[in-house]
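In what follows, a structure is listed as structure tokens, so that the remarks can point back to it.
The values are calculated or read from the model by the stated rules, or taken from the named source; none is laboratory data. Source: prediction; values computed, not measured. No Cβ is skipped: glycine too gets one built from the backbone with ideal geometry, and neighbour counts run over all protein chains shown. The accessibility values were calculated without ligands, DNA or RNA, using every heavy atom of the protein model including side chains. Shrake-Rupley method; radii C 1.70, N 1.55, O 1.52, S 1.80 Å.
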Amino acid sequence: QVQLAESGGGLVQPGSSLRLSCAASGDISNFYSMGWYRQAPGKQRELVVISFSDGEPHYADSMKGRVTISRDNAKNTLYLQMNNLKREDTALYYCYADNREQMYWGQGTQVTVSS
């Protein structure tokens, strides 16, 4: 059983940056894909970015150009660098991992963008 734990969220002003982290309990280099989703109040969960083990990441239009996904395999940690945050980016951000047999989800980290 893989456990994922997000951190790095918080309350920031518009235009600010945050880096979210997702620490995995296992070796992330074995996952077929990893990525980030978000869910705003009253809305469905939506994709932010998906990163495949054998390809380029795919960013959703909503945050393209403002976010970058990266990983540190030695630390078994996935990151999401978010820049120029907007009020509409306020949401609970989740990381996931897919090993082709099962998808694993973290509990989420809250990002609130407000002045």
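Using a Gaussian network model of the chain whose springs link C-alpha atoms within less than 10 Å, name the residue from Met63, Met103, Met34 with the highest mean-square fluctuation.
Checking each option, the largest mean-square fluctuation is seen for Met103.
Over segment 59-103, with the other protein chains present, what is the accessible area per residue in square angstrom, probe 1.4 angstrom?
Result: 53 Å² of accessible area for each residue.
Per 5 Å bin, what percent of the C-alpha pairs of segment 16-57 does each bin hold, from zero upward?
Result returned by the calculation: 5, 16, 21, 25, 20, 9, 4.
Select from Leu47, Leu11, Leu80 the residue whose mean-square fluctuation is largest in a Gaussian network model of the chain (Cα-Cα springs shorter than 10 Å).
Residue with maximal mean-square fluctuation among Leu47, Leu11, Leu80: Leu11.
What's the Kirkwood radius of segment 62-115 in Å, using all Cα pairs?
After inverting the pairwise mean of 1/r, the radius is 12.9 Å.
Place a +1 charge on the Cβ of each Lys and Arg in the chain and a -1 charge on the Cβ of each Asp and Glu, then give the dipole magnitude about the Cα centre in debye, rounded to the nearest 20.
380 debye
In debye, nearest 20: dipole of segment 66-115 around its Cα centre with unit charges on the Cβ of K, R (+) and D, E (-)?
Value, rounded to 20: 140 debye.
If you plug each phi of segment 67-82 into the Karplus form 6.51 cos²θ - 1.76 cosθ + 1.60 with θ = phi - 60°, what whole-Hz ³J(HN,Hα) values come out, in order, with x for Gly and Pro?
10, 9, 9, 8, 9, 10, 5, 5, 9, 6, 10, 9, 10, 9, 8, 10
With the chain treated as a Gaussian network of Cα nodes joined by springs under 10 Å, which of Gln39, Gln13, Gln102 yields the largest mean-square fluctuation?
Checking each option, the largest mean-square fluctuation is seen for Gln102.
Write down the radius of gyration of the chain and its Dmax, each obtained from C-alpha positions, in Å.
Calculated on Cα positions, Rg and Dmax stand at 13.4, 43 Å.
If the cut-off is a Cα-Cα distance under 15 Å, which aspartates and glutamates reach Lys43, setting aside same-chain residues fewer than 8 apart in sequence?
Straight-line reach from Lys43, under 15 Å: Glu88, Asp89.
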